[in-house]
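Encoded as structure tokens, the structure appears first; notes follow it.
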């Protein structure tokens, strides 16, 4: 099983996300994560999908996605030539007694504390998936009350591989 | 101008001659507006058949078939027809009425989320929320349906959108879609590679799929095969891409095909697969056809290339263009020995079917029918044993062979034949079905009468769902489950009920006279052909 990050540039129309996720579900492809957001040109949406499968399946995924009428461009984001970022919001149970411990772990990861209550903290962390997983690992001694992860967004490094919109 | 009038106007701009459908409140503005246009309407008896009729018409005219039905059950009934067209890449524009847009999502009377429900069976779909979008949407819908890999496009239009006023109607001259640009012309480097590989080949074979017919590549395929002496086999959907009796044609491949066609494909050293999906029924083991050979896969849909087998040389583009490009190259290959060998194999592997003298032999019936049909006649096969026999024994000369290949939808033949006949009224059109498939769509006999169409329907009658019975014979050792039909309907009475003529064939000796009568009949007729219930396609 290989993991692949695919970036799509699609028409910003209603139903486009359902067409894409529908394609994945009916053909039995995996979605590890999917994120979508409008681009600098409001006519388009950029979607980052993390998918997995053997090489043949991954190639089929690219072709089948490219075939959708609303899809303008499909790009694979190889790890060595791309940057990925994910945002995680983590609500940790922490009373005055163990609050400082959590904060110091957050500091090491350059995470922000964005909410404090008398028995919990919300931490905001941005990074690639490994960094977030490592952070969650370090929090094992504490009780995570709630966790929200966005899934990754990604871009290719450099300007060689840019699809210019006119 | 009302939205509904714009919709009709768009159809006339696209040169649509027929709309097949069934009205209901949600599509009534459209059916009201169509009265003022030259477009002819066909009232079907169930919506699924509207799509099949549109499909039959599209396949013989090379145009786009159009159907229009109402919301809710009208739309959901259409789905099987849409899926059938999608599986065989037939270009359709399917218009569905929808409930008032203000009520969308509130589960009102006859509301169905048809764009959602049909999502996986359409090439694209629209839910039109602003009447001003109608000209653009219709222009795009026809463009998407008939270009690239063809297919059905669904346009769902709420009744209030059909009834709202458009200030300015202008039908776009060009399609301007940022995201949809199919490839038509083959990559020159890949074409050159193909020519190089062909020059080295001693045992080349072309396998023609439905894509050859869809791209109108019949002529260029034949010219290319003849120029270099390359034998051609076909998939079920590719039947008719070469005349059956052409010396270079070696029949249909697949588990229901000719053994020598499969052997030709497997033994070749170079295989040009064109406009074919390489699906399980045509190619049982895709790895065999790529073993020890150069495999060239030509398809207008890049996703088909490498889906079921890995080609050596992929070429994305329109088959007719690509054969045209290939014809520009002059080179010599000597295939005489290879052709001799294939002809020998064909002789060796030809087996006599076991027949029962108390019944009609389908092979003989179809053979004589093909002989007597006009050269450009249209033969529409249904699904089941009748389909496999039709594929095996019908001789295509210069006409069409239509069937539901990808989806295998029973009941396809009668409505598709009706659509084909309306599309090309001067052609002889014969629907061949079984007693199972006949009963799935014989309500359209009334439609045929209403349209004053001379339709010939051959029913192979064996009181069984023969194809499934055959499967249960081999797989479950004759443990038959839910495959037995009773003796109903009485075909003679049924023909009478629709004012059609009735003919019956019980013995091989009666075939000749009966077919003569059928073909010369100025009225529509049903021919009941009594076949052995225990007959097998693998017999």
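The mean number of partner chain beta-carbon atoms within 10 angstrom of a residue's beta-carbon across peptide A:57-69 is 4. On a 0 to 90° scale, report how tilted helix A:96-108 is relative to the longest principal axis of chain A, with both axes built from alpha carbons and the result rounded to the nearest 10. Result, in degrees: 40. Classified by the C-alpha gyration tensor, chain B has an oblate form. Its axis ratio a/c, with a ≥ b ≥ c, is 1.5 or above, and a/b does not exceed b/c. Taking Cα atoms, how many degrees apart are the long axis of helix A:16-26 and the longest axis of chain A, rounded to 10 and kept between 0 and 90? Its long axis makes an angle of about 90 degrees. Among B:363-371, B:151-159, B:512-520, sorting by the average number of other beta carbon atoms lying within 10 angstrom of each residue, highest first, gives B:151-159, B:363-371, B:512-520. Shape index of the range B:372-450: Rg/Rh, with Rg the Cα radius of gyration and Rh the Kirkwood radius from the inverse mean 1/r over Cα pairs, equals 0.95. By the count of other C-beta atoms within 10 Å, a proxy for reagent exposure, A:44, A:84, B:412 are ordered fewest to most as A:84, A:44, B:412.
Residue by residue along B:300-310, Cβ atoms of other protein chains within 10 Å of the local Cβ number 3 on average. The alpha carbons of the range B:190-264 give a radius of gyration and a Dmax of 12.2, 35 Å, in that order. Per-residue shielding of B:166-178, expressed as the average number of other chain Cβ atoms within 10 Å of the residue Cβ, stands at 1. When each of the peptides B:111-120, B:207-216 is scored by how many other beta carbons lie within 10 Å of its residues on average, the order from highest to lowest is B:207-216, B:111-120.
Whole-percent P(r), the protein assembly as shown, all Cα pairs, 10 Å bins from 0: 3, 13, 20, 22, 19, 12, 6, 3, 1, 0, 0.
Sort B:53, B:138, B:295 so the one with the fewest other Cβ atoms within 10 Å of its own Cβ comes first.
Ranked by crowding around the Cβ, least crowded first: B:295, B:138, B:53.
Each residue of the range B:188-349 gets 94 Å³ once the volume of the Cα convex hull is shared out per residue. The residues B:250, B:401, B:20, when put in order of fewest to most other Cβ atoms within 10 Å, stand as B:401, B:250, B:20.
How tilted is helix A:55-67 with respect to the longest principal axis of chain A? Cα atoms for both, answer in degrees (0 to 90, nearest 10). Computed tilt is about 70 degrees.
Of the peptides B:442-450, B:82-90, the order by per-residue mean of other Cβ atoms within 10 Å, starting with the highest, comes out as B:82-90, B:442-450.
Every number here is computed from the coordinates shown, using simple stated rules; none is lab data. None of these values were measured; they are calculated from a predicted model. Here Cβ is always computed from backbone atoms with ideal geometry, including for glycine, and neighbour counts include all displayed protein chains.
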